[in-house]
Amino acid sequence: MKVEPQALAANIANGLETYQINGRKFGVSTAVHVLAFSAAQYAVQVGLAHHAIDGGEQTPSTMCRTAPGCVAAVNGDFFDLLPTGQPDPGDEVGAIIQNCVLLHTPEVAHQQVDLDAQTVSEGLNWSSTVNVNGVNVPITAINQELPMSYANVHLPLSGTLLFTSPYALPTPSASGWVTYEFTQVSGATSPTTINTTTSLEFSGETTTPVRVTAGTVDISTPSGSALAALLVGNTVTLTTTSTAGCDNIGGHPILLDHGVVAPIDPADIYMVRPYARTVIGWTASGETVIMTVDGKDGVSGATAHQLVALLQSISVVTALDLDGGNSTTLFVNGRTLNHPSHKSERPVSTSLLVVTNP
């Protein structure tokens, strides 16, 4: 990779290039770390934390240490916290596709990155339907806790919600709602594997909250849907499609798209003020670049415009901003390179793992 004059001395180990950038010419006074590598040697995968909801919380470094072939990791998409202050794996903001399985659909309008195609998009292209005796019932959300609230956003309980076991989320309980429980047919593909159809066997229904167990699928819908006609033992088919690739995760916002600088909303306080940042991007030659900027919320770090200037200085043409602030962590070859805002790594819901290609 061509390193611009403002870059400090680079270190190359195991095919990973790491270096710091002097950001002062861009108005950034905190440390800027860069990790760069070739797609011929390494792939980027989505990592999921094992939280208290299913076995204990994790940081980017712990996710990397337990993943085969992992040599580096950074924090992933934005997420919410439970009242206890712990990350909630069911409250990712964007979508998650891991190993071709759609694990989570976007909860609010959110940008996405296809890690395999090295492209960014304004949203996730997906659809999922259950065929019940010839009637297609559209799925409107997968593995989401609804209703859900964010700053200035409230999502009411609506639509048809599909729950699978990776997150073990409780199905919703509300007046007029029914949860239909299914078991996976032996030998069938995993439910919500994109661009496939799988069979499910109806096993019962409930109006009380239940947690989804391994090998089962629960579909919650307002009463009176086509699922009400099912008898125990009946089979349905579940079809899920997406053009988003097999490894896809959310972020906000798109910074660069094939060399074009994306507009930043002046009302987006998180992007117009300086914060610690985590960014993934690619050069025109396909080299992957991960950048972190240290900082303190609203006080120091980088604004969106400064991030773009930093990325352009190292020839990045496509980039998406990931979760930042206290989450920003860059773990490479067994050590954390940056200085997280709270002096130690923050438990997160997702990470991006850099793993060796087979």
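The values are calculated or read from the model by the stated rules, or taken from the named source; none is laboratory data. Keep in mind it's a predicted model, so treat the numbers as computed, not measured. Counting neighbours? That spans all protein chains shown, and the Cβs are built from the backbone with ideal geometry, glycine included.
The one condition from (1) in contact (Cβ under 8 Å) with a residue 60 or more places away in the chain; (2) of a type outside the set (Val, Ile, Thr); (3) closer than 19 Å to Thr328 by Cβ that Asp257 does not meet is (3).
For region 263-285, the set of residues classified as farther than 21 Å from Asp114 by Cβ and of a type in the set (Phe, Trp, Tyr) consists of Tyr270, Tyr275, listed by residue number. Of all the listed residues (Ser165, Ser158), the sole one being at pLDDT 80 or above, buried (at least 18 other Cβ atoms within 10 Å of the Cβ) and more than 13 Å from Ile219 (Cβ to Cβ) is Ser165. Test Ala52 against the stated conditions and say whether it is at pLDDT below 75, of a type outside the set (D, E, K, R) and part of a loop (DSSP other than H, G, I, E, B). So Ala52 passes the test.
Restricting attention to region 213-225, and to residues there that are small (Gly, Ala, Ser) and farther than 20 Å from Gly176 by Cα, which single residue is modelled with the lowest pLDDT? The selected residue is Ala214. The sole residue among Val236, Val185, Val217 that is of a type outside the set (Lys, Arg) and in contact with a helix residue (DSSP H, G or I) (Cβ under 9 Å, 6 or more places away or on another chain) is Val236.
Evaluated against (1) at pLDDT below 90; (2) assigned to a loop (DSSP other than H, G, I, E, B); (3) not hydroxyl-bearing (Ser, Thr, Tyr), Asp80 falls short on exactly one condition, (2). Sub-6 Å Cβ pairs linking a first residue in region 322-346 that is assigned by TED's automatic domain parsing to the domain that holds Gly69 to a second residue that is of a type in the set (Lys, Arg) and surrounded by fewer than 18 Cβ atoms within 10 Å (Cβ to Cβ), at least 6 apart or interchain, are Ser341/Lys296, ordered by first then second residue. Residue count for region 170-194, restricted to those that are in a loop (DSSP other than H, G, I, E, B) and more than 16 Å from Asn136 (Cα to Cα): 14. Exactly one residue out of Thr197, Thr216, Thr192 is surrounded by fewer than 16 Cβ atoms within 10 Å (Cβ to Cβ), touching a Ser or Thr at 6+ places or on another chain (Cβ under 7 Å) and in contact (Cβ under 8 Å) with a residue 24 or more places away in the chain: that is Thr197. Of all positions in region 205-212, at least one carries a residue that is in a strand (DSSP E or B) and either touching an Asp or Glu at 6+ places or on another chain (Cβ under 8 Å) or modelled with pLDDT of 95 or more (or both).
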